[in-house]
1. How many residues does segment 71-93 hold that are open to solvent by 70 Å² or more (accessible area, probe 1.4 Å) and either basic (Lys, Arg) or farther than 19 Å from Leu1 by Cβ (or both)?
2. What pairs can you find where one residue is in segment 33-56 and in contact (Cβ under 8 Å) with a residue 24 or more places away in the chain, the other is in a helix (DSSP H, G or I), and their Cβ atoms are less than 6 Å apart, with a gap of 6+ or different chains?
3. Would you mind stating whether Glu30 is touching a Ser or Thr at 6+ places or on another chain (Cβ under 7 Å), of a type in the set (Asp, Glu) and open to solvent by 60 Å² or more (accessible area, probe 1.4 Å)?
4. Anything in segment 47-65 that is open to solvent by 30 Å² or more (accessible area, probe 1.4 Å) and either hydroxyl-bearing (Ser, Thr, Tyr) or in a helix (DSSP H, G or I) (or both)? List them, or say none.
5. Tell me the residue from Leu68, Leu44, Leu16, Leu21 that is more than 28 Å from Glu88 (Cα to Cα) and open to solvent by 80 Å² or more (accessible area, probe 1.4 Å), please.
6. Identify all residues within segment 31-57 that are farther than 19 Å from Leu21 by Cβ and either of a type outside the set (A, V, I, L, M) or at pLDDT 95 or above (or both); write none if there are none.
Amino acid sequence: LYEFDVATQTAVRDPLIRESLGYSPEELSESHADWERVIHPDDLPEFRSTVAQALDRAERFAMEYRVLGKDGSIMWIADVGRIIRDAEGKPARIVG
């Protein structure tokens with residue numbers, strides 16, 4: 001459903017994700033900052049921690065968190081990702 005580029009901090013996501021939340025492409029871009037903006041504030045610290053730990057040492061991760069729709073609705077996301085590393089072992093992408 002998505003591919004996140006660690007260097008550019010952007011993700012190509014399935015358009016259905018954005019559409020399900022009620023946002024236009026201009027309102028919810030492919031930037032990581034925009035994605036974090038729609039994550040429920042109570043879930044954001046755990047989201048950041050899980051991603052940081054996965055980038056640091058894991059191959060895979062799984063987590064659940066809430067995102068906020070444009071209309072104020074809440075949707076649960078089950079995020080399962082795999083870290084793709086470059087030839088030096090540094091994280092390059094996350095595929096989820």
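1. Residues of segment 71-93 open to solvent by 70 Å² or more (accessible area, probe 1.4 Å): 71, 74, 76, 78, 80, 82, 85, 87-88, 90, 93.
Checking which are either basic (Lys, Arg) or farther than 19 Å from Leu1 by Cβ (or both) leaves us with 71, 82, 85, 87-88, 90, 93.
The total comes to 7.
2. Filtered contacts from segment 33-56: Ile39/Phe47.
3. Yes, satisfied.
4. Scanning segment 47-65 gives Arg48, Ser49, Ala52, Gln53, Leu55, Asp56, Arg57.
5. Details: Leu68 fails: open to solvent by 80 Å² or more (accessible area, probe 1.4 Å); Leu44 fails: open to solvent by 80 Å² or more (accessible area, probe 1.4 Å); Leu21 fails: open to solvent by 80 Å² or more (accessible area, probe 1.4 Å).
Going through Leu68, Leu44, Leu16, Leu21 in turn, just one is more than 28 Å from Glu88 (Cα to Cα) and open to solvent by 80 Å² or more (accessible area, probe 1.4 Å): Leu16.
6. Let us first name the residues in segment 31-57 that are farther than 19 Å from Leu21 by Cβ, namely 45-46, 48-57.
Scanning segment 31-57 gives Pro45, Glu46, Arg48, Ser49, Thr50, Gln53, Asp56, Arg57.
The values are calculated or read from the model by the stated rules, or taken from the named source; none is laboratory data. This is a predicted model, so every value here is computed, not measured. Please note: Cβ atoms are built from the backbone with ideal geometry, for glycine as well, and neighbour counts cover all protein chains shown. What goes into the accessible areas is simple: the full protein's heavy atoms, side chains included, and nothing from ligands, DNA or RNA. Shrake-Rupley method; radii C 1.70, N 1.55, O 1.52, S 1.80 Å.
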